[in-house]
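Quick notes on the structure that follows.
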């Protein structure tokens, strides 16, 4: 994980460092660290692929695995409660969580996992504002800024407002070219629906059993300069068990 984070930082520096190619050629500074990080990540990924291939080659009895998980998680009262709650979360329950879906979308609008991204033009083109792009040009877009533009989202663009996604209590998706967190067009994220299911399940479990509050209400949250949106030093919270669920 440390290698991935360091590589993430070194890669993001390419956006602002005009000498990064020279540093890569000389194998110095941030690009030397990036090369080392890539080697570490490659080693980890290749080992993971090898392990998964071996696992996929074995006969696996899904029911036995699930039963084992039930047996292990039922050893404590709190674990049993969580386990029972998780088992009650099915597709129908997830589909009914319209407000949660809206809240998650609003979070991604204001805090996109990839705040700035880049695409390379395959052919000469003209953007919607009339700007000409030549083949091979890199085009950067800032999802973090786009999610806060008042002429796109209205005067309350910087306000966290899940209701903007709802109509008569039902979630109303926006155009992916407006809500760009999962990209758009042929390159739209294939795992979008799966990601929403994961976020819903984790959110439902955590919020069902805990209340959360900032460890320091006066702390100033700062972002770490990386390709993905990270908080410098992490976000410290107190998880307070709910007295009744």
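Here are some notes:
- Listing 168, 117 from fewest to most neighbouring C-beta atoms within 10 Å gives 168, 117.
- Protection proxy ranking, highest mean first, for peptides 200-208, 95-103: 95-103, 200-208, where packing is the per-residue count of other beta-carbon atoms within 10 Å, averaged.
- Cα long-axis angle, helix 2-12 against the chain (0 to 90 degrees, to the nearest 10): 40 degrees
- Length-normalised contact order for the chain - Cα pairs under 8 Å, 6+ apart - percent: 19 percent
- Rounded to 10°, Cα long-axis angle of helix 98-110 versus longest principal axis of the chain: 30 degrees
- Taking other C-beta atoms within 10 Å as the exposure proxy, 190, 108 rank 190, 108 from fewest upward.
- Between 227, 235, 104, the residue with the greatest mean-square fluctuation in the GNM of the chain (Cα pairs under 10 Å linked by springs) is 235.
- Counting neighbouring beta carbons within 10 Å and listing from fewest to most, the residues 223, 151, 144 come out as 151, 223, 144.
- Degrees, to the nearest 10: 77-87 long Cα axis against longest axis of the chain: 70 degrees
All of the numbers you see were taken from the coordinates with simple rules; none came from a lab. The structure displayed is predicted, hence computed values, not measured ones. Note that we place each Cβ from the backbone using ideal geometry, even for glycine, and neighbour counts take in every protein chain shown.
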